[in-house]
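Asker: Have a look at this one before I ask anything.
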Amino acid sequence: MEQTLTRPASGATQQDKGGSSATFVDGTVRVAAPAKVNLTLHVTGRRDDGYHLLHSLVVFAGLFDRVILEPADRLSLEVVGPNASALAGVPTDDNIVLRAAWALAAATGSRKGARITLHKMLPVAAGIGGGSTDAAAALHGLMRLWDVRLPTDRLLQLAGGLGADVPVCLRGRPTEMSGVGEILREPPPLPAAWLLLVNPGVPLSTPQVFKARSGDFGKDMPLSEAPRDAAALASALAVRRNDLTAAAISLVPEIGRVLATMAALPGCLLSRMSGSGATCWGLFTTEYECRAAARALRLESPGWWMEPAPLLGAFDPFELAEGQPFIR
Ligand code: C5P
């Protein structure tokens, strides 16, 4: 199945169906923007415009920024939360959330505004799609706030114009992604699993990592069958790669230490880098093992950012923001 979006981009919402979502209680819309995690990332070629062709198994972790949207006459954005300071140097007008809002207003002809607050929990420039997932959440939220919608192919095109990872973030479920991020396919079902996300605290620029990459191009390696459990998923991923790892380590050697330290943690089935880094993930079967590993690692490396989180199946970003259970 290519280029499909699940609700709520299709327009049907919990609210429409008379559901219990608290999203609309006072006219405020709350949307979760979960961390994007590349379980694999093969660089398969390079286009004439410099963008790289990729093949990647993308999933989302139950750890997220929140985008809060309130009715207003004009568009505004405030960034708050533990990682807001990392965006302090970025002029607000350059923030991808506002660029997403302007693009949606232009595409739909909406003249409404929104007071947008971004609660920044995820590390910035970290390979877990912070800006992309925020932009996708803003698009979902604004479509609801403004009561507008776009055909799926038009919405995905708009998303791709904001950033290569925005379409996959908009889709909001495990996805096999290729091209430069515009070809989205349904992968085989993935098992329940937990991810420990660890970042050594050094921001990495995606263009710089792509520039530092050398060597041959890889090939597509889609999963051919559904792994029956987390261990089988780890075995399938172990013969696949993140082709940006060596380049990222050349720029931030500490990533090598993160990967080695995580691999040695009890219960860690596999550790790899996400996206262009520097965030790495460890794969665990159970929440208990993942949290125990996080506790041990926190003692060993107190300077690193780390969070345990479940691997999400298809999720509703509105329900996720309200802390309701995710859908597998
Ligand atoms: O599209 P996005 O803003 O996420 O990409 C940032 C930069 O990363 C691009 O300008 C490009 O240098 C590099 N990139 C790439 N190939 C991709 C995605 C990103 O070369 N598929």
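The values are calculated or read from the model by the stated rules, or taken from the named source; none is laboratory data. In this text, all values refer to a predicted model and were calculated from it rather than measured experimentally. All accessible areas refer to the heavy atoms of the entire protein, side chains included, with ligands and DNA or RNA removed. Shrake-Rupley method; radii C 1.70, N 1.55, O 1.52, S 1.80 Å.
Asker: So for the chain, considering every pair of alpha-carbon atoms, how many percent are separated by more than 24 Å? Mind showing how you got there, number by number?
Answerer: On the way: 27691 of 53628 pairs.
That tail contains 52 percent of the Cα-Cα pairs.
Asker: By how many degrees, between 0 and 90 and to the nearest 10, does the Cα long axis of helix 254-263 differ from the longest principal axis of the chain?
Answerer: Helix 254-263 sits roughly 80 degrees off the main axis of the chain.
Asker: Within segment 29-185, what whole-number % of the accessible surface is contributed by carbon and sulfur, with the 1.4 Å probe and all protein chains included in the calculation?
Answerer: With neighbouring chains kept in place, the figure for segment 29-185 is 48 percent.
Asker: Give me the angle, in degrees from 0 to 90, between the Cα long axis of helix 152-162 and the longest principal axis of the Cα atoms of the chain, rounded to the nearest 10.
Answerer: 70
Asker: What does DSSP give for the chain in terms of the percent of beta bridges that are antiparallel, rounded to the nearest 5?
Answerer: 85
Asker: Going by the alpha-carbon gyration tensor, a ≥ b ≥ c the square roots of its eigenvalues, is segment 194-312 rounded (a/c under 1.5) or, if a/c is not under 1.5, prolate (a/b greater than b/c) versus oblate?
Answerer: oblate
Asker: Leaving out ligands and nucleic acids, note down the accessible area per residue over segment 77-116 with a 1.4 angstrom probe, in whole Å².
Answerer: Averaged over the residues of segment 77-116, the accessible area is 53 Å².
Asker: Cα axis of helix 130-146 to longest principal axis of the chain: angle in degrees, 0 to 90, nearest 10?
Answerer: 20
Asker: Another question about this same structure. How much mean residue ellipticity at 222 nm does the chain get from its helices, if each DSSP H run of length 4 or more adds -39500 (n - 2.57) and you divide by all residues, to the nearest 500 deg cm²/dmol?
Answerer: Roughly -9000 deg cm²/dmol at 222 nm, from the helical runs in the chain.
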